Amino acid sequence: MHPLSQNEEKKQRKYSIIARAVQAKILDEAVGQSQRDLAQKYDIPRTTLQHWIDRRKILKGKIDPNVVEFFESSSGQAWLHNMILAAFLVFHQNGNSGIPDRLLV
């Protein structure tokens with residue numbers, strides 16, 4: 001017997017999770033196109049696209065614009081991903097990068 005009743009059957013999501021690298025690529029394209037056309041092309045709500053653009057503008061006002069531009073780009077996202085993986089590798093190879101037991105009390 002199936003645990004879900006007919007009313008509780010798996011519903012299709014109204015939205016999908018879009019990776020930050022994909023968001024960055026979409027925002028890179030946003031420079032030359034209208035928001036409405038870009039939202040239709042990638043099948044995302046225009047308000048979501050507007051939020052991404054606003055977030056980038058807010059970050060540019062608080063942090064060095066060149067840094068924001070880099071880390072919001074697809075290249076910056078790839079670099080950050082590789083840096084985090086490298087840090088995990090170093091922590092794993094080091095073997096003693098955890099929190100000491102005496103600090104957990």
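State log₁₀ I(q)/I(0) for the stretch 15-103 at q = 0.23 Å⁻¹ as given by the Debye formula over alpha-carbon point scatterers of equal weight, solvent excluded.
For the stretch 15-103, the Cα-only Debye profile gives -1.12.
Residue 55: net charge of surrounding residues, Cβ under 12 Å, Lys/Arg +1, Asp/Glu -1, itself excluded?
Within the 12 Å Cβ shell, the charges total +3.
Summing +1 for each Lys or Arg and -1 for each Asp or Glu, what net charge is found among the other residues whose Cβ lies under 15 Å from the Cβ of residue 80?
That works out to 0.
Please report 31, 90, 68 as a ranked list, fewest other C-beta atoms within 10 angstrom at the top and most at the bottom.
Fewest-to-most Cβ neighbours within 10 Å comes out as 31, 90, 68.
Every number here is computed from the coordinates shown, using simple stated rules; none is lab data. These figures come from a predicted structure and were not determined experimentally. For neighbour counting, all protein chains shown are included, and Cβ atoms are generated from backbone atoms with ideal geometry for every residue, glycine included.
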